Amino acid sequence: MENLLQDIRHGIRTLAKNPGFTAVAILTLALGIGANTAIFSVVQNVLLRPLPYLQPERLVEIANTYPPQVPKIGLSPGDYADWRRQNSSFSEMGSYAWVTQGFNLTGEIEPQRIQAAYADSGLFPMLGIRTIAGRSFLPEEDRAGSAPVVILSHRLWQGRFGGDPRVVGRSISLDKQRYTVVGVLPAGRQLLRSADLWMPYGQFDDDLTEHVHHPFVAIARLKPGLSLAQARDEVGRLHQQEALAYPDAHKNFGVLVEPVQDPSTAQLRTTLLVLFGAVGLVLLIACANIVNLLLVRNAAREREVAIRTALGASPWRLIRQLLTESTLLSLFGGAVGLLLAIIGLQALLAFVPPELAVLREADLNGWVLGFTAAVCLTTGLACGFLPAVRMLRNNLAGILKQGSKGSSASSHHRTHNLLVISEIAMALVPLIGGGLLLRSFQHLLEVDPGFRPDHVLAMEIQQPGISFVQYNQLSQEEQAAYGQKQARQFEEIAAQIRTLPGVKGVGGIDELPLGTELRKAGRFVVEGQPIPTGGVRPIAEFRTVSLDYFSLLGIPLRAGRSFDEDDFKQKNVVINETMARRFWPQADALGQRINLCSLDPKPCWTTIIGIAGNVHQYGLDHAPTYDVYFAGGWTPYFLVSTASDPLSIAAAVAGVVHKFDPNLPVTRVMTMDRLISDSVSPRRFSSVLVAIFAGLALLLAAIGIYGVMSYTVSRRTQEIGVRMALGAQLASVRRMILGETLKLTLIGVALGLAGAFAAARFLTSLLFGVGMYDPATFLGVAALLTTVGLAASYIPARRAMLVDPIVALRYE
């Protein structure tokens, strides 16, 4: 310990004597370590932190698949009930509905639109989620007709009720129905982050024994000693039994069993790993720069080391001293890097788009600080080891005889060159990755969304309505009357909005395009066409729109007509052109009929009256789906076309709505331009981050090239003087320095291209409209890096041109 403290004191004094070298080294390491700390804090909090459930390693999720259209979908209530009763692999099972349902929460204060999820009574106890106030659901509340109760999320409890524990036992109004609050969930224990409150299955709007619809996701706990493969085998057998008992409802369905994971983080895994790889390369480039700096610095200390060796210092003692100095550099760099990480993380989280809100949970916890400390120690030892060993391998006796200047410069030259080559190769990989992502984002912005977004205001105005089950129980005449009533109410508000200054038109739709969740859809069959081979029924997306929807958003009608008021009474639909081309490639789709509930006992045939242009319903990077539009009564999303800034009339529109009904919440107020921007924000976020770290890698590589070439020029001053004294031209000296840089750069580029080819396959899922081996990106980045390398060596080359031959010849 005494020797260690002595080494530390000596190392601090040595570093203090060279403030320029120390500052550059600390800043270089701070950039690399800070970037890694910031990204690791996100990776640790999002991907590595265990799920906040009881024994999460034994939890599995069970769901269906419907390839190729839907890679993952829920279970039917009947399947879930049968499997829960028949399985022998799980000690417990619970389930929840994977799509939330919206309600209007009204009461003493402003009305609010909230999202409700459904769960059975066994789910929360199985996960170890205990309410912080009140109780969980009871088994009898799973049955239809049970008392209406709810459990509040911690977010809603704090935001709406001020964290008052007395809310338990009170009743709240949801869509004008009274529900009793029986509990409050703890913070951070959400299965569905969008859920504001939970309801038991007794309040679920569907038959809990049917096998046609697929709303549930099951979570089960493996029995002790049972493997995931064994559970998959049994669930597969149970699925086959259900397929034999209910063949029509199970055709083409598969089943999957996988470890439970947060659904909001699964989609981020590839992006975060790519970012982590990019900042890892940044740290390696920073380390290469430090090694180069230490080699240069140690070359000036060869006489010191030789004298200490002559006085009896052992090689291990000298290595330990040099490693102590490099570790101190790394620790100081880590301290500064930690400050940069704190600042960078705050800036990073400030720009996180709403779709990636889970990233905002990242913080610098103990695990992150431990990672930073480990990186600092590893970096310090790794950076100091090679320079220390190279110094002790020098001919120390020869150094003492030569005087203050050592003879080991030539032996270090190859090492410097190898380090520069490695920096260039490592910088090329994130640069190409960033280039591919930026080109991909550029292609995404060029996609036509299928509608005209400019000067259109959107807002959600949900009216309490009857349930899906109640609606289906109505006769056809009653359904038409209900739709007409809702249409009159919509038109009454729309007529008042049209009178506002600057309003050009009003329309509506039940779900805005460019969403992320599968909502209303069904498997359909076409009249007169056979069911596809294997029983795979195609899936159509259902959209309910107002009469003016297509004209207001500029969606073209390719054939037929749009809706009129008579279509509220009749089963008429408009389909998109993708659906028309697929199922009537050689014929006219107008007048044809389709059954949109092909698995239900009672068919629901509809007649096609028009063909509309394609609209991207699930993002600009998703192909158009089969879209079926209905003439709607009350469409929850009002669309207002304006002559000026749409947001300037938002308050006036909300005033019209509240005048019609003070209990109608006005939420999700945005322009359609903002809707498009938000839909691409995850790709924009990841592309910009990778580009930033790629730029940092390029900067560090340029600094490394500049440092090595400056050192090369300083060590070759006498040689350059001799050349110039013998008649060498200034241009030839410049070509000599730039030529050496070009050679190193081209070797590094060649190696980097090979590495980029290998790494590009990890970006496949993040690319759109560009191949992972895009020639323009690869060649453009290679040219850029070559240019930067030559630019970084230009100043040293110019310095070599200014060498005075007389001074250079006296140099030694």
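The values are calculated or read from the model by the stated rules, or taken from the named source; none is laboratory data. Note that the coordinates shown come from a computational prediction; the quantities given were computed from them, not determined experimentally. A quick note on method: Cβ atoms are made from the backbone with ideal geometry, for glycine too, and the neighbour counts reach across all protein chains shown. Note: areas computed on protein heavy atoms with side chains; ligands, DNA, RNA excluded. Shrake-Rupley method; radii C 1.70, N 1.55, O 1.52, S 1.80 Å.
For this structure, a couple of remarks:
- Applying the Karplus relation 6.51 cos²θ - 1.76 cosθ + 1.60 with θ = phi - 60° to region 735-741 yields 3J(HN,Hα) values of 4, 5, 5, 5, x, 5, 5 Hz, where x marks Gly and Pro.
- A DSSP coil position with no more than 11 other Cβ atoms inside 10 Å describes the following GluC sites (Glu not before Pro) in region 483-517: Glu517.
- Placing dummy labels 7 Å off each Cα toward the beta-carbon, the span from Asp248 to Trp367 is 5.0 nm.
- Listed peptides 67-74, 382-389 appear in the order 382-389, 67-74 once ranked by packing, highest mean of other Cβ atoms within 10 Å at the front.
- Euclidean distance between Cα centres, region 168-185 to region 622-646, Å: 32
- From most to least packed by mean Cβ count within 10 Å, the peptides 283-291, 330-338 give 283-291, 330-338.
- Residues whose placed amide H lies under 5 Å from that of Leu174, excluding near-sequence neighbours: Tyr179
- Interchain or long-range residues, amide H under 5 Å from Tyr626's placed H: Glu541
- Expressed as a whole percent, the accessible area of region 142-206 that falls on carbon and sulfur atoms is 49 (1.4 Å probe).
- Peptides 519-528, 624-633 ordered by average Cβ neighbours within 10 Å, highest first: 624-633, 519-528
- For the chain: Kirkwood Rh in Å [reciprocal of mean 1/r, alpha carbons]: 31.5
- Ranking Leu228, Leu208, Leu191 by how far each Cα lies toward the positive end of the dipole of region 190-238 (charges on Cβ) leaves Leu228 at the top.
- Positive-pole candidate from Ala651, Ser641, Val669, dipole of region 618-675, charges at beta carbon: Ala651
- The P(r) of region 152-262 has a tail past 20 Å containing 60 percent of all C-alpha pairs.
- The H on the amide N of Val257, modeled in the peptide plane, is under 5 Å from the matching H of no residue at least 5 residues off or on a different chain.
- Along principal axes, Cα extents of region 651-794, largest first, whole Å: 96, 32, 20
- Sequence-separation-based contact order of the chain, relative, with Cα cut under 8 Å and 6+ spacing, percent: 17
- Relative contact order %, region 112-248, counting alpha carbon pairs below 8 Å whose residues are six or more apart: 32
- For region 409-460, the per residue solvent-accessible surface stands at 36 Å², with DNA, RNA and ligands left out and a 1.4 Å probe.
- The label-point distance for Lys569 and Leu790, in a model that sets each label 7 Å from Cα toward Cβ, rounds to 7.9 nm.
- Per atom type, region 583-695 shows carbon and sulfur on 57% of its accessible surface, probed at 1.4 Å.
- Summarised as an ellipsoid, region 52-157 has semi-axes of 27, 19, 15 Å, derived from the eigenvalues of the Cα gyration tensor scaled by 5 and square-rooted, with the largest first.
- Take region 508-584 with all the other protein chains still there, run a 1.4 Å probe, and you get 44 Å² of accessible area per residue.
- Residue-normalised accessible area of region 1-78, given per residue in Å² at a 1.4 Å probe: 44
- Dipole orientation for the chain: of the candidates Ala521, Gly755, Gly334, Gly334 has the Cα lying most toward the positive pole (charges on Cβ; Lys, Arg +1; Asp, Glu -1).
- The relative contact order of region 600-690 comes to 23 percent, based on Cα pairs under 8 Å that sit 6 or more residues apart.
- Debye-sum result for region 71-215 in log10 I(q)/I(0), which assumes one identical scatterer on each alpha carbon, at q = 0.09, 0.21 Å⁻¹: -0.27, -1.41
- Percent carbon-and-sulfur accessible area, region 520-580, ignoring ligands, DNA and RNA, probe 1.4 Å: 49
- Region 138-231: GluC sites (Glu not before Pro) in DSSP coil with no more than 16 other Cβ atoms inside 10 Å: Glu210
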